[in-house]
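*Asks:* I'd like to ask some things about the structure below.
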RNA sequence: GGUCGCUUAGCGCAGUCGGUAGCGCACUACACUCACAUUGUAGGGGUCACUGGUUCGAGUCCAGUAGCGACCACCA
C-alpha cells in the first residue's frame, strides 16, 4: 500500500459519525445473515432470555428502550462468549387494552361493538392487529435488538392458544381452577371483572356520611335510631343488616333488634360481629353483602341476603327502588339530599380514603357479585415461595425479593374470567339439556354426561396475564416436547420492570413450577423506571415523554407545550446513554440532552478509529509472533491496560453492573487509548519509523479488542468499524495473524489477556503522566505558548526513581512539548524556574526571564497550605495510641510513608518559596 | 397503618472490603493545518440531609429524625 491509501480513507470517512446511514445498513445485514438466529446445539450451553412481550397496541417508549437495551447487551455478550444465545421475541394480545383501542376506533366511525356483534368485532381486532401489531416489533429491530425474530410469537397464535387451553384444563382437573359466585372487582366502563392487582388505589378526598337508621318501634329500650357512618351512602339501599361489636357496652341491649332501612323500608337485623371496630365512627356498621368484600364475608357468617343495587353498567338496579336507573354517583347525591330532607342525615365529615380504580381506564371500581372463574393461588404460591427461599430464583437488586415474597404470601384467589371479547375463550361448554359443564381442550361435539349436542361455550375470555404466565414455555412449543423446550428451558434471566412483578413474574414462576417442575429463570433483573428531567413519570397527559424513536432517527417532538427539533442521535447513542445511567435498578431522570453523552463518545471513538484506519492502511503489519519483551514501553503499557479492562468489564457485565461496564470502557477508550496511547504512537507510526510494523499491529489489535468489548452496548457503530478494520488489517492478532470473524456480532469475546499485564509498566506510566500533567499545568499558569519547546529539569527523591524516569524521557518529552529534559537525584532548582512538587519528584520549568514571581508564590503557598493540612491530620492519627495499637500494620506503614513523602514535599516547597523571596 | 428506595459539587449521578471524595454536564482560561471543536490542555467548585452510636478511623456499618419518591393495605 502507499501513503495515498491513508488519504483515500480520510476522504471517504466523514469527520462526524453518521448513525442514520450506518445503522439501517447493518440491521439489514444482521437479519439477512441469520446472525440473530439460534438453533439447539448440544455442543454449546444455551443462554435464553424471553422478552417481556410488549402489547400489540404498543409503541416503543423509553421504558421499553431501556429494558430491551439491557436484554440485548446480555444476549450479545452471551453470543460472543460462545453460548447458544437465544432471545425469544413476541407480543401480547393485551385483552382489555387492545379491545379498548379498537372500540375507540369504532366509536370514531360511530359504531359500538354490540352493534356489530362478537364475531365481527373479534375479526376487526385481528385486522387491527395485522395492520398495527408490527409497529413495536420494527421499532425494537431499529433499536438493535438481536432477538431471534424467526421465532416471534403472539400470545393468541395457534400454539400459544393450545397451551392456554391445556393449562386451563389441567388446572381444572387438579382442582386449582373453580367457578364461583363471588364479589369481584368490576369495571363499569370496561364491563368486565378484574383481578385484585389490576386495581389501583388512589387516595381521594371524600366524606363520611353519618346516617340514622330508625329502630323498629316494637323493640325495647328508649333508643329511636342507630347512627351509621359510611363512605358510600348509595350502597345502603342494599343493606341487609347493621352490625355492632359483641362487647360494645353501648349496644349490648340492641343486639338482635331490628332496624328499618331508610328510603327502602326493609327491616334489617342488628347483628354482633367482631369485624366492627368500636372506636371508628359510631361503632355501628351497615352491612351490604353484595357491595363490599368485608360485608360479603359477614353475610356468609350471618346468612344474610345479598341484594345487588348497582348494576354492571354503574346504574342503580330495580332493587334500588325509586333510584333505579340512576347513575351510582348521581344516586349518592340524590339520596344524601333525601336523607337531609327527612332528618336522617346526622352529619357529614371530611374523610380521605383510597378508591379503587381500573388500571386500564381509571374508572372507579365496583365490588360486584357475579359468577366468575378463579385460580386457587395458595398451593401454587407456596411452591413459588419455597423455590425462592431455596435460592432457585435470585432477584437483582436483591431487595425486590422481599416485595415479591410478600405478595405471594398474601395472595388471594385470582379471578381469571373477563367479560370482554378479545382474548382466549374459556374452554368450558354448558349443556342446554342437562346443565352439565364440559371442560375440554378441544371443542366438544356433545355433552359428556347426556351426549346432547346442544352445547354453548362460556362467553368469557381469560385474563391476559393467564397466557403471559405461560410465556417462558408456551413459546418453546409446550405442551409438545420439542427440542427447543428441553434445550432452552429454563431461561437464564428475566429482565423486566418492577410494575409487573406481581402481574407477570410471580405468575410465571408459579406456572413454570407447576407445569415444568422448574423455575422459568434463575435470575430476575428489575430495571429502574425512566422519569422526566423533573423526576415525574412520563405520560401523554403531562406531555413530558421522550420518544426513543425520535431520539434514534431525529425529528420533532412536542414537550411541555412546545415543539422541539432533535438531531439524529442514533440507536447506539441511545443505548449507550441508557446503559450508562443504569445503576442498581435506580430510577433514571432523563432529559433529551443526556443523549449527547452517547453521541459524543461514539463520535470520539469513530474519529479514533478513523485515525487508526488512515495510519495503518499505508503500513504493512509485522507478521511474526509478538512477545512482550520485544515491545516498546508504550505498547506494553496499552496491552497491560487492555488486559485489565477485559477482565474488569467482563466481570461487571457478568454481574449486571451496566453503568460500571460502560464506564470502564469509556475511561479506557477515551482516556488511555485516545488521550495517551494514540498521541504517543503517532511518531512510531511514521512509515519511516522502524517501529511502525509492530506498533501498527498492536494498534489494530487494541482497536479490535475494544470493538468487541463495546459491541454489546453499541452494536451498529462497532460493526461498522469492524468492517473497516477488516480492510485496513484483514489479518490481525498478537500471537499470530489470523482472520477474525467476518461479522463482529459473532466474533469471540476477549479473554485470556492475563499474560500482558505488567504492573511495573503501569506504575511507570502513571509517573510519566504525573510529570507531563505538572509541566502542562505550569505551562497554563504562566501562559507559555502551547507550541513553545521547553527545557525542564526533573529532580527525584531517589536514584531508583530517577532511573525509571530515564526510560520515560521520550514519552514526557513528546507529550509535554519539551526541547529537552534533565533528570537527576536531588538536583537544585535552576534560577527563574517555575516548579511542581509531586510524589517522589519535582519538575522545574525555566521561564525565559519573564517569570511572574507573584503568580508562582501564590501557587506555592496554596499548595503548601493543602499539604500542611494533610500533615496535621496525619500527625493526629499517627500520634493516637489507639491507632498505633489497633490499626492494621499495612495501614500504619502506608500512613507513615505518606507522612514522610508529604513532609519531603513541604520541605521542597518551603525552599522554593524562600528562593523566590531572595 | 406497613414496607422499600433516595438525600454526596450549580444540575444529573457514581462511590464493591470502613483507610487521601469521584464522573458527566455546566462554569473559567488557553488552543482550530497535523483522527476528532460532537475536540484538546489546564483550572475553580463539596460541613457526603440531620442527630446519636459502633470503631484507632464512617460518605460507607447501626439506631433515630426530617424531606422527597415508590409500593402494599377490606377499618365502614
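Coordinate-derived values only; no laboratory data. Everything numeric in this text was worked out from a predicted model, so none of it was measured. Using ideal geometry, Cβ is built from the backbone for each residue, glycine included, and neighbour counts are taken over all protein chains shown.
*Asks:* What are the semi-axes of the equivalent ellipsoid for segment A:1-140, taken as the square roots of 5 times the Cα gyration tensor eigenvalues, largest first, in whole Å?
*Replies:* The three semi-axes for segment A:1-140 are 42, 23, 13 Å.
*Asks:* Still on this model: Just want the ordering: A:677, A:368, from fewest to most Cβ atoms lying within 10 Å of their own Cβ.
*Replies:* A:368, A:677
*Asks:* What value, in deg cm²/dmol to 500, does the helix sum -39500 (n - 2.57) over DSSP H runs of n ≥ 4 give at 222 nm once divided by the residues of chain A?
*Replies:* One gets -13000 deg cm²/dmol as the mean residue ellipticity at 222 nm.
*Asks:* Right, next: Rounded to two decimals, what is Rg over Rh for segment A:333-455 when you use alpha-carbon atoms and the Kirkwood radius?
*Replies:* 1.16
*Asks:* Mind checking the alpha-carbon convex hull of segment A:551-708 and giving the volume per residue in Å³?
*Replies:* 122
*Asks:* Report, to the nearest 10°, how far helix A:19-32 tilts away from the longest principal axis of the Cα atoms in chain A, using its own Cα long axis and a range of 0 to 90°.
*Replies:* 70
*Asks:* Separate question: What order do you get for A:615-622, A:787-794 when each peptide is scored by the mean count of other beta carbon atoms within 10 Å, highest first?
*Replies:* Highest-to-lowest ranking by the protection proxy: A:615-622, A:787-794.
*Asks:* A further question on this structure: Quick one: in segment A:264-413, what % of C-alpha pairs are over 23 Å apart?
*Replies:* Of all Cα-Cα distances in segment A:264-413, 58 percent exceed 23 Å.
*Asks:* Right, next: Starting at 0 and stepping by 10 Å, how many percent of the alpha carbon pairs of segment A:476-550 end up in each bin?
*Replies:* With a bin width of 10 Å, the distribution comes to 16, 34, 23, 18, 8, 0.
*Asks:* Another question about this same structure. Going highest first, how would you order A:294-302, A:601-609 by mean Cβ packing within 10 Å?
*Replies:* A:601-609, A:294-302
*Asks:* Something else about it: Using the reciprocal of the averaged 1/r over all distinct C-alpha pairs, how large is the Kirkwood radius of segment A:627-722 in Å?
*Replies:* Computed over Cα pairs of segment A:627-722, the Kirkwood hydrodynamic radius comes out at 14.0 Å.
*Asks:* Rounded if a/c is under 1.5, else prolate if a/b beats b/c, else oblate: with a ≥ b ≥ c from the C-alpha gyration tensor eigenvalues square-rooted, which is segment A:552-597?
*Replies:* Oblate, since a/c reaches 1.5 and b/c is not below a/b.
*Asks:* Two decimals, Cα atoms only, Kirkwood Rh: what is Rg/Rh over segment A:408-459?
*Replies:* Ratio value, two decimals: 1.12.
*Asks:* Starting from the Kirkwood Rh over alpha-carbon pairs, what translational D in µm² s⁻¹ does segment A:525-644 have by Stokes-Einstein at 37 °C and 0.692 mPa s?
*Replies:* Rounded, D is 185 µm²/s.
*Asks:* Take each of the peptides A:87-95, A:891-899, average the number of other beta-carbon atoms within 10 Å over its residues, and list them starting from the highest.
*Replies:* Most protected by this proxy first, the peptides run A:87-95, A:891-899.
*Asks:* Express in whole angstrom the spacing between the alpha-carbon centres of segment A:689-727 and segment A:750-768.
*Replies:* 19
*Asks:* Binned at 5 Å from 0, what are the whole-percent values of the Cα-Cα distance distribution for segment A:333-374, short to long?
*Replies:* Answer for segment A:333-374: a P(r) of 5, 14, 13, 14, 18, 16, 9, 7, 3 percent.
*Asks:* Rounded to a whole number of µm²/s, how large is the Stokes-Einstein D of segment A:373-512 at 4 °C and 1.567 mPa s, given Rh as the Kirkwood radius over C-alpha pairs?
*Replies:* Here the translational diffusion coefficient equals 75 µm²/s.
*Asks:* Okay, next question. Which order results if A:408, A:476, A:874, A:578 are arranged by neighbouring Cβ count within 10 Å, fewest first?
*Replies:* Ranking A:408, A:476, A:874, A:578 by Cβ neighbours within 10 Å, fewest first, gives A:874, A:408, A:476, A:578.
*Asks:* While we're on this one: So how do A:336, A:645, A:721 line up by other beta-carbon neighbours within 10 Å, fewest first?
*Replies:* Lowest count first: A:336, A:645, A:721.
*Asks:* Could you list, bin by bin from short to long, the percent of Cα-Cα pairs of segment A:681-769 in 10 Å steps?
*Replies:* Histogramming segment A:681-769 at 10 Å steps yields 15, 40, 34, 11, 0 percent.
*Asks:* So what is log10(I(q)/I(0)) for segment A:64-111 at q = 0.30 1/Å, when the Debye sum runs over its Cα atoms only?
*Replies:* Here the Debye-derived log intensity ratios amount to -1.03.
*Asks:* Further question: Dividing the alpha-carbon radius of gyration of segment A:123-262 by 2.2 N^0.38 Å (N being the number of residues), what value is obtained?
*Replies:* Cα-based Rg divided by the globular estimate yields 1.89.
*Asks:* Which of rounded, prolate, oblate describes segment A:848-918, given a ≥ b ≥ c as roots of the alpha-carbon gyration tensor eigenvalues and a/c under 1.5 marking rounded, otherwise prolate only if a/b is larger than b/c?
*Replies:* prolate
*Asks:* Determine the principal axes of the Cα atoms in segment A:84-156, then give the extent along each, sorted from largest to smallest and rounded to whole angstroms.
*Replies:* 51, 20, 16
*Asks:* So, one more: Output the direction-averaged projected area (hull surface divided by four) of the convex hull of the alpha-carbon atoms of chain A, in nm².
*Replies:* 53.6
*Asks:* Which shape class, rounded, prolate or oblate, goes with segment A:76-197 when its Cα gyration tensor gives a ≥ b ≥ c as root eigenvalues, a/c under 1.5 marks rounded, and past that a/b bigger than b/c marks prolate?
*Replies:* oblate
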